[in-house]
Amino acid sequence: MKRITLTRFLIERQRDKQLINADLRLLIETVARACKAISNAVGKGAVGGMLGGAGTDNVQGEAQKKLDVLSNDILLDANEWGGNLAALASEEMEDPHPIPTHFPKGEYLLLFDPLDGSSNIDVNVSIGTIFSVLRCPKGADGTVGDPGEKEFLQPGSKQVAAGFAVYGPTTVLVLTVGDGTHGFTLDREMGSFILTHPDIRIPEDTAEFAINMSNMRRWETPVKRYIEECLAGKTGARGKDFNMRWVASMVSDVYRILTRGGIFMYPRDDKNKAGRLRLMYEANPMAFIIEQAGGACTDGATRMLDIQPTGLHQRIAVVLGSKNEVERVAQYHAQA
Ligand code: F6P
């Protein structure tokens with residue numbers, strides 16, 4: 001069987017399907033290269049002095065790990081110079097990061113969560129990188145100017161690409177440019193991402209849910225109802241037994257759902273009134289990837305990709321995965 005590298009996959013999308021242009025191809029390849037560098041750093045662990053805290057807090061007031069800071073730097077360094085970006089935004093930085101003046105600017109905006117699931121770093125559980133690409137609106141003079149937060153605040157349906165990498169037993173990269181969701185595995189000897197999971201499809205039904213059960217007493221009624229019905233199993237309203245998985249790294253939980261179906265929920269609750277996950281860095285890219293694989297994603301009331309963002313670091317409730325289950329949760333919200 002012919003091995004299709006990420007480069008070849010992207011060239012086909014550019015040349016044959018005209019889905020992406022050369023600038024977007026460069027952007028995706030650059031992000032993928034940065035993910036390889038992060039994967040190497042993650043793999044070194046304690047031997048490379050990579051574990052532990054950085055001694056700083058991020059914009060959300062969360063303690064940063066050394067690897068959070070390093071991953072953010074790797075992504076910034078890799079993407080500043082290509083001439084394809086107008087600005088970058090990171091979950092780890094309060095404001096958008098401008099392109100240094102000695103480099104040219106391009107038409108795209110890149111957003112990323114450099115290291116998702118970072119509470120799992122020191123315990124050797126899979127973590128990952130999530131990214132999202134938007135077009136930068138142009139000003140009256142026809143240029144992208146100096147984009148600020150406002151330019152980034154576009155609904156997820158405007159994304160032109162989204163992806164995530166999981167640094168697990170294998171390093172995988174999942175990508176969509178709007179023609180399905182495709183998975184690549186890092187061939188460590190060759191240093192190339194190889195297409196191993198073309199056209200991923202999520203089963204519409206599932207008997208597996210992922211949620212942090214320790215928050216149960218704080219959930220909204222529709223979420224409680226859904227989970228209680230799952231827990232009741234065969235003898236309850238659903239008439240079947242459910243299994244539960246919770247890795248506590250969104251990248252791993254979503255990857256599992258892409259592989260065998262399931263539903264992932266991080267609802268709003270009494271403590272996280274708006275929700276816990278970030279719309280721009282987590283919910284929107286994952287929603288694009290999940291929808292392109294035949295799944296669904298909502299905040300309970302609205303399709304995730306239709307939500308108009310109000311802040312770069314806005315939090316949101318997330319329900320995603322197998323279509324019929326996500327629709328059921330949305331229905332329970334509507335009934336409530
Ligand atoms: O950034 C958020 C994150 O680490 C996700 O990757 C993960 O799904 C969630 O938080 C884990 O939350 P909790 O600590 O409540 O299990």
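The values are calculated or read from the model by the stated rules, or taken from the named source; none is laboratory data. Source: prediction; values computed, not measured. Cβ coordinates were reconstructed from backbone atoms using ideal geometry, including for glycine residues, and neighbour counts include every protein chain displayed.
Please specify each residue of the stretch 287-325 satisfying the condition of being in contact with a Cys (Cβ under 7 Å, 6 or more places away or on another chain) and part of a helix (DSSP H, G or I).
Correct list: A287, I290, E291, M304.
What's the number of the only condition in (1) closer than 23 Å to S192 by Cβ; (2) in contact with a Lys or Arg (Cβ under 8 Å, 6 or more places away or on another chain) that G82 fails to meet?
Every listed condition holds for G82 apart from (2).
In the set V144, V123, V133, V160, which member is on the phi < 0 side of the Ramachandran plot and crowded, with 24+ Cβ neighbours inside 10 Å?
Within the list V144, V123, V133, V160, the selection yields V133.
Could you check how many residues of the stretch 312-336 are at pLDDT 95 or above and more than 22 Å from the chain's Cα centre (by Cα)?
The qualifying residues number 6.
Just need a number here: residues in the stretch 92-128 that are more than 11 Å from the ligand (Cβ to nearest atom) and of a type in the set (S, T, Y).
Residues in the stretch 92-128 being more than 11 Å from the ligand (Cβ to nearest atom) and of a type in the set (S, T, Y): 2 in total.
If V166 satisfies every condition in (1) under 29 Å from D269 (Cβ atoms); (2) more than 16 Å from the ligand (Cβ to nearest atom); (3) within 21 Å of the chain's Cα centre (by Cα) but one, which is the exception?
Exception for V166: condition (2).
Output the residues belonging to the stretch 14-33 that are surrounded by fewer than 21 Cβ atoms within 10 Å (Cβ to Cβ) and either in contact (Cβ under 8 Å) with a residue 40 or more places away in the chain or among the β-branched types (V, I, T) (or both).
Within the stretch 14-33, K17, L19, D23, L26, T30, R33 meet the criteria.
Which residues, taken from the stretch 213-259, are under 26 Å from the mean Cα position of the chain (by Cα), among the charged types (D, E, K, R) and outside any helix (DSSP H, G or I)?
If the condition is that a residue be under 26 Å from the mean Cα position of the chain (by Cα), among the charged types (D, E, K, R) and outside any helix (DSSP H, G or I), then E220, R245 are the ones that fit.
What is the residue count in the stretch 289-311 for residues that are closer than 21 Å to V223 by Cα, more than 17 Å from the chain's Cα centre (by Cα) and among the hydroxyl-bearing types (S, T, Y)?
First, the residues of the stretch 289-311 that are closer than 21 Å to V223 by Cα: 290, 295-305, 307.
From what's left, more than 17 Å from the chain's Cα centre (by Cα): 300-302.
So of that shortlist, the ones also among the hydroxyl-bearing types (S, T, Y) come out as 302.
Number of matching residues: 1.
Within the stretch 260-286, work out how many residues are within 23 Å of G180 (Cα to Cα), more than 11 Å from the ligand (Cβ to nearest atom) and not in a strand (DSSP E or B).
7
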